[in-house]
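Worksheet for the structure shown next.
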Amino acid sequence: MTAHVSKVRSLYKRILLLHRFLPIDLRALGDQYVKEEFRRHKSASPKEVAAFMVEWENYKATLQTQVLDASGRVAPRSQLGSALPEAMFQDFQNEQIGQLYELMLESTKPNRQFDIQE
């Protein structure tokens, strides 16, 4: 159990560290989303936790590659993220699809909720 908690905490901290290389508004949005999702899954079933960890490990790996490709500077928006395969949506609950849609809207609109200046 302690090893699992350590692994979750390490993944969480690494993702927040990688978010430091995002544009400031995307960093704020991403940090909030990560914190909410990790908090929400504290009481999830072992099956849900396993899928959760796989997907967040994939996110970390993708973001880490994109950040390294940006060579230490803030990664341009055009080089961030990746498309979700359509087949993946079949495994999502309606609530998860709604969350993804809201996240997509917030991250692509010109006047974001997070109007933060550096």
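The values are calculated or read from the model by the stated rules, or taken from the named source; none is laboratory data. Remember, predicted model here, so these are calculated numbers, not experimental data. Quick reminder, even Gly has a Cβ in these numbers, built from the backbone with ideal geometry, and neighbours come from all protein chains shown. All accessible areas refer to the heavy atoms of the entire protein, side chains included, with ligands and DNA or RNA removed. Shrake-Rupley method; radii C 1.70, N 1.55, O 1.52, S 1.80 Å.
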Margin query: Under 8 Å between Cβ atoms, which residue pairs at least 6 apart in sequence (or on different chains) link something in segment 29-43 that is open to solvent by less than 40 Å² (accessible area, probe 1.4 Å) with a partner that is outside any helix (DSSP H, G or I) and hydrophobic (A, V, I, L, M, F, W, C)?
Written below: 29/114; 30/22
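Just to be sure before I move on: is residue 34 outside any helix (DSSP H, G or I) and either at pLDDT 90 or above or touching a Pro at 6+ places or on another chain (Cβ under 8 Å) (or both) in the structure I sent?
no
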Next item on the list: Filter segment 61-73 down to residues that are open to solvent by less than 50 Å² (accessible area, probe 1.4 Å) and in contact (Cβ under 8 Å) with a residue 40 or more places away in the chain and give me whichever is farthest from residue 84 (Cα to Cα).
Entry: 70
Note to self: Return the residues of segment 13-26 that are under 19 Å from residue 103 (Cα atoms), part of a helix (DSSP H, G or I) and under 12 Å from the mean Cα position of the chain (by Cα); say none if nothing qualifies.
What the structure shows: 15, 16, 18, 19, 26
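I'm checking my understanding of the structure. Among residues of segment 1-28 that are surrounded by 12 or more Cβ atoms within 10 Å (Cβ to Cβ) and among the charged types (D, E, K, R), which one is nearest to residue 60 (Cα to Cα)?
Ranking the qualifying residues of segment 1-28, first place goes to 14.
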Checklist line | Any hit, segment 84-104, residues being assigned to a helix (DSSP H, G or I), within 17 Å of residue 22 (Cα to Cα) and either at pLDDT below 85 or open to solvent by less than 100 Å² (accessible area, probe 1.4 Å) (or both) | finding: yes
